[in-house]
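Colleague: Take a look at the following structure, please.
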């Protein structure tokens with residue numbers, strides 16, 4: 001009698017293990033692999049300036065490199081310590097200071113500004129802008145969509161007349177208290 | 001006296017400092033030579049001017065309109081010429097904002113079309129819109145547009161009105177003065193507001209340390225058509241007058257965190273706002289003036305004055321007999337939640353209910369105090385009206401643990417300053433929480449911006465790939481064509 005109960009319990013447990021194991025195996029093969037989710041989660045923590053200061057051509061490529069284990073988590077100057085800490089927590093690594101090779105003085109939020117008097121309308125800055133925040137056409141004056149600009153500085157180098165500069169972004173003022 | 005309904009978690013019983021300013025009746029102040037109208041009247045929403053420099057405006061003409069539901073229409077509080085529209089120091093949250101300066105021509109030429117309203121027979125939605133046009137805003141200190149509150153309440157079917165006459169903060173007594181002098185107007189204003197809400201019930205809540213005001217209101221209710229309005233006396237505890245605290249004390253219901261009072265079926269308005277509504281209904285006068293307490297040990301005669309909006313603080317202080325002794329701080333608001341000003345040229349706004357000229361003795365002993373480490377005594381938790389754990393919250397905020405701060409209720413903090421008051425280590429807790437909220441909002445905004453940037457980057461990359469692909473295809477096609485024609489030539 002007692003032996004029967006033990007036997008039944010063992011059979012039930014074994015059956016459960018088989019069913020759950022099978023389901024998990026099936027799910028693992030069907031659902032997208034975990035690295036993709038990891039890339040998504042890392043990407044969500046990056047500041048999306050697309051500035052390429054990390055040596056990768058944008059935030060997502062850098063996130064992919066981190067997920068593959070190729071890049072360290074300390075290469076994102078716009079994200080700063082806050083991002084490094086968040087990444088360290090996500091990836092269960094030791095938080096560390098920003099890599100000095102990539103670190104730059106924090107100047108606060110910047111946006112590009114085109115001196116429209118000097119712009120010759122060469123259109124070379126248009127394709128390099130990772131977020132399409134420059135409006136213009138060949139032989140027409142260009143201008144920056146300040147709200148979309150991430151301050152990545154990628155437009156500075158291609159400009160033949162150096163008419164682009166970075167200026168402090170207009171501070172966004174938030175009320176401390178506001179009814180929803 | 002105190003029933004379970006009036007039970008009030010935590011809070012503080014503070015010295016009121018109100019007696020002196022209430023000895024004389026409200027002093028009507030003459031219009032100043034020029035007024036400075038801040039485009040942020042205190043609600044945090046910056047209005048858009050609709051007048052230009054050099055333009056002549058009539059008394060009561062609209063000078064600025066709201067660009068969002070959080071701003072109230074602003075009117076010229078004197079007739080005259082627009083002298084300047086520029087950034088100046090203001091009593092608003094950021095210390096400065098764009099202001100319109102009007103030079104008073106002394107004629108008080110009234111804007112045509114302002115007339116008595118048949119407020120009690122207007123259709124409620126129309127009434128709400130007219131209140132919006134009249135720029136009526138919460139005169140209790142938030143300057144939140146009354147029409148926006150009423151519209152939100154109507155949307156949710158909130159049918160009860162609570163008039164806030166608690167006025168719990170030390171030094172401030174302008175509502176008390178208004179209740180004593182204009183009790184009939186408050187009752188009439190309440191009936192107009194009830195009409196706007198289709199409400200059947202209205203409670204005017206007054207703290208028990210204002211017997212004259214309670215008596216005046218009771219008499220007004222006895223002599224006029226009360227129409228569902230009643231007075232409720234609540235024990236004086238700071239911060240009784242905070243909206244959520246008053247609602248839980250009088251109505252016995254809790255407003256959900258981050259929710260609106262309308263969600264529990266009621267709307268809260270200040271008594272002075274009701275008086276302003278009555279004034280508008282009787283004469284058509286939009287929100288042009290307010291009653292403000294000018295007090296503190298640093299003025300000769302503490303007093304309540306009715307002054308035009310935009311009146312320089314200096315003129316208000318002069319009405320109180322000028323500066324006396326050694327004033328140390330000029331504070332807009334009361335001693336618990338007021339904001340220090342650096343200049344007395346700031347213009348009166350709808351939100352300024354008190355000008356406190358504080359001397360060293362008013363501010364002692366906190367003035368010379370310096371911050372010490374938290375000793376975890378828990379006093380802050382025993383006085384916190386929303387029932388938070390300020391010491392835990394403070395640790396989370398200092399450590400930059402945003403998620404923990406949100407879990408511990410950084411958004412539920414009502415900024416009353418009770419925790420600061422009792423802290424034996426003199427930690428400026430409320431300030432830290434305020435800064436933390438600003439930081440959280442910044443981070444939320446940055447996250448939203450990042451999401452947009454990510455989407456634009458992905459589209460940009462996609463487009464470049466498409467272009468490269470199209471080029472490659474064109475090249476392949478051209479080569480295939482060249483090869484094809486070459487083959488043909490060979491055969």
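Colleague: Helix B:271-283 sits at what angle to the longest principal axis of chain B, using alpha carbons and giving 0 to 90 degrees rounded to 10?
Modeller: 90 degrees
Colleague: Moving to a separate point now. Could you work out the mean count of beta carbons from other protein chains within 10 Å of each residue's beta carbon in B:447-456?
Modeller: Working: counts 4, 0, 8, 10, 2, 5, 12, 10, 2, 10.
Taking all residues of B:447-456 together, the mean is 6.
Colleague: Taking each pair of different alpha-carbon atoms in the stretch B:243-398 once, compute 1/r for the pair, average those values, and report the inverse of that mean as the Kirkwood hydrodynamic radius in Å to one decimal. Don't skip to the answer; put the middle values down first.
Modeller: On the way: mean 1/r = 0.0535 Å⁻¹.
Radius from the Kirkwood sum: 18.7 Å.
Colleague: How large is the convex hull of the Cα atoms of the stretch A:1-75 per residue, expressed in Å³ as a whole number? Walk me through the intermediate numbers first.
Modeller: Numbers: hull volume 9.0 nm³, N = 75.
Considering the Cα atoms of the stretch A:1-75, their hull volume per residue is 120 Å³.
Colleague: Could I ask something else about it? Is the shape of the stretch B:10-65 best called rounded, prolate or oblate, per the rule: a/c under 1.5 gives rounded, else a/b larger than b/c gives prolate, else oblate, with a ≥ b ≥ c the square roots of the Cα gyration tensor eigenvalues?
Modeller: Values: a/c = 4.43, a/b = 1.74, b/c = 2.55.
In terms of gyration-tensor shape, oblate.
Colleague: Quick one: what Rg and Dmax do you get for the stretch B:110-173 from the alpha carbons, in Å?
Modeller: Every Cα atom of the stretch B:110-173 included, Rg and Dmax give 14.3, 41 Å.
Colleague: Something else now. Kirkwood hydrodynamic radius, the stretch B:169-228, all distinct C-alpha pairs: what's the number in Å?
Modeller: Details: mean 1/r = 0.0829 Å⁻¹.
One over the average 1/r among Cα pairs gives 12.1 Å for the stretch B:169-228.
Colleague: Rounded to the nearest 5, what % of the DSSP beta bridges within the stretch B:190-341 are antiparallel ones? Mind showing how you got there, number by number?
Modeller: On the way: 10 of 16 bridges.
Approximately 60 percent, going by the DSSP bridge assignments.
Colleague: Counting only C-alpha contacts under 8 Å and six or more residues apart, can you give the relative contact order of the stretch B:193-286 as a whole percent?
Modeller: Values: 71 pairs, mean separation 21.0, N = 94.
Averaging sequence separation for qualifying contacts and normalising by length gives 22 percent for the stretch B:193-286.
Colleague: Below 8 Å, C-alpha to C-alpha, sequence gap of six or more: please give me the relative contact order for the stretch A:37-180 in percent. Kindly include the intermediate steps, with their values, before the conclusion.
Modeller: Working: 216 pairs, mean separation 30.2, N = 144.
Reported as a whole number, the value is 21 percent.
Colleague: Note down, for the stretch A:128-170, the three equivalent ellipsoid semi-axes (square root of 5 times each alpha carbon gyration tensor eigenvalue), biggest first, whole angstrom. Intermediate results must be reported in sequence, preceding the final value.
Modeller: Working: eigenvalues 52, 31, 21 Å².
Whole-Å semi-axes of the equivalent ellipsoid: 16, 12, 10.
Colleague: Cα atoms only, the stretch A:36-129: Rg and Dmax in Å?
Modeller: Over the stretch A:36-129's Cα set, Rg and Dmax evaluate to 15.5, 51 Å.
Colleague: Also: How big is the Cα convex hull of the stretch B:332-431 in projection, averaged over all directions, in nm²? Show your work: numbers first, answer last.
Modeller: On the way: hull surface 30.4 nm².
Here the figure is 7.6 nm², rounded to one decimal.
Colleague: Further question: Under 10 Å, Cα contacts only: if you run a Gaussian network model on chain A, which one of A:28, A:17, A:101 comes out with the highest mean-square fluctuation?
Modeller: Largest GNM mean-square fluctuation: A:17.
Colleague: Now, a different point. Run a plain Debye calculation on the protein assembly as shown (Cα atoms as equal point scatterers, no solvent) and give log10 I(q)/I(0) at q = 0.06, 0.09 Å⁻¹, rounded to two decimals, same order as the q list.
Modeller: -0.48, -0.91
Colleague: Follow-up. Take the Cα coordinates of the stretch B:433-490, assign each an equal point scatterer, and use the Debye formula without solvent to give log10 I(q)/I(0) at q = 0.14, 0.20, 0.22 Å⁻¹.
Modeller: With no solvent term, the Cα-only Debye profile gives -0.63, -0.80, -0.85.
Colleague: Report, for the protein assembly as shown, the % of DSSP beta bridges that are antiparallel, rounded to 5. Before the final figure, lay out each step's value.
Modeller: Numbers: 45 of 68 bridges.
About 65 percent, rounded to the nearest 5.
Colleague: What angle, in degrees between 0 and 90 and rounded to the nearest 10, separates the Cα long axis of helix A:2-30 from the longest principal axis of the Cα atoms of chain A?
Modeller: For A:2-30 against chain A, the angle is about 20 degrees.
Colleague: Cα convex hull of chain A: how many Å³ per residue? Please report the intermediate quantities before stating the final value.
Modeller: Values: hull volume 42.0 nm³, N = 180.
Taking only Cα atoms, chain A has a hull volume of 233 Å³ per residue.
Colleague: Can you give the convex hull volume per residue for the Cα atoms of the stretch B:1-152, as a whole number of Å³?
Modeller: Working: hull volume 31.7 nm³, N = 152.
Here the figure is 209 Å³ per residue.
Colleague: Next up: Computed over the Cα atoms of the stretch B:69-192, what is the ratio Rg over Rh, Rh following Kirkwood? If you can, show how the numbers build up before the last one.
Modeller: Details: Rg = 17.1 Å, Rh = 17.3 Å.
That ratio equals 0.99.
Colleague: Work out, in µm²/s and without decimals, the Stokes-Einstein translational diffusion coefficient of the stretch B:189-288 at 4 °C, 1.567 mPa s, Rh from Kirkwood over C-alpha pairs.
Modeller: Details: Rh = 14.6 Å.
Estimated diffusion coefficient is 88 µm²/s.
Colleague: If you project the alpha carbons of the stretch B:352-491 onto their three principal axes, what span does each projection cover, largest first, in Å?
Modeller: That gives 109, 34, 25 Å along the principal axes, largest extent first.
Colleague: Continuing with the same structure: Using a 10 Å cut-off on Cβ to Cβ distances, tally the other chain neighbours for every residue of A:43-50 and report the average as a whole number.
Modeller: Details: counts 2, 4, 2, 2, 6, 11, 4, 7.
Mean partner-chain Cβ count within 10 Å for A:43-50: 5.
Colleague: Ok, one more. Taking N as the number of residues in the stretch B:267-359, what is its Cα Rg relative to 2.2 N^0.38 Å? Present the calculation step by step, with values, prior to reporting the outcome.
Modeller: Numbers: Rg = 13.8 Å, N = 93, 2.2 N^0.38 = 12.3 Å.
Taking N as the residue count of the stretch B:267-359, the ratio is 1.12.
Colleague: Could you work out the relative contact order of chain B? I mean the mean sequence separation of Cα pairs under 8 Å and 6+ apart, divided by the number of residues, in percent.
Modeller: Numbers: 1055 pairs, mean separation 84.5, N = 491.
Relative CO of chain B lands at 17 percent.
Colleague: For helix B:124-133, report the angle its Cα long axis makes with the longest principal axis of the Cα atoms of chain B; keep it between 0 and 90° and round to the nearest 10°.
Modeller: Once rounded, the angle reads 90 degrees.
Colleague: At q = 0.12 Å⁻¹, what base-10 log of I(q)/I(0) does the Debye formula yield for chain B when every alpha carbon is treated as an equal point scatterer in vacuo?
Modeller: The computed values of log10 I(q)/I(0) come out as -1.12.
Colleague: For the stretch B:80-132, max minus min Cα coordinate along each principal axis, in Å, sorted largest first?
Modeller: 42, 32, 13
Colleague: Quick check of the Kirkwood formula: for the stretch B:378-453, what is the inverse mean of 1/r over all pairs of different Cα atoms, in Å?
Modeller: Working: mean 1/r = 0.0782 Å⁻¹.
In the stretch B:378-453 this quantity evaluates to 12.8 Å.
Colleague: Here's another thing I want to ask about it. If you build a Gaussian network model of chain A, linking Cα atoms that sit under 10 Å apart, which residue out of A:122, A:51, A:152 swings the most?
Modeller: Its mean-square fluctuation being the largest, the pick is A:122.
Colleague: Now a separate question. Could you give the Stokes-Einstein D for the stretch B:135-211 in µm² per second, using the C-alpha Kirkwood radius, 10 °C, 1.306 mPa s?
Modeller: Values: Rh = 13.4 Å.
It diffuses with D of about 119 µm²/s by this estimate.
Colleague: Ordered by packing density, taken as the mean number of other Cβ atoms within 10 Å over each peptide's residues, highest first, how do B:386-392, B:176-182, A:156-162 rank?
Modeller: Values: B:386-392: 19.1, B:176-182: 24.7, A:156-162: 13.0.
The densest-packed peptide leads the list: B:176-182, B:386-392, A:156-162.
Colleague: Something else: Would you kindly give the portion of the calculated P(r) for the stretch B:137-261 that falls above 20 Å, as a percent of all Cα pairs?
Modeller: On the way: 3217 of 7750 pairs.
Counting every Cα pair in the stretch B:137-261, those more than 20 Å apart make up 42 percent.
Laboratory data are not the source of any read-out in this text; all were calculated from the coordinates shown. Fair warning: this is a prediction, and the values are worked out from it, not measured in the lab. Don't worry about glycine lacking a Cβ; one is built from the backbone with ideal geometry, like all the others, and counts go over all protein chains shown.
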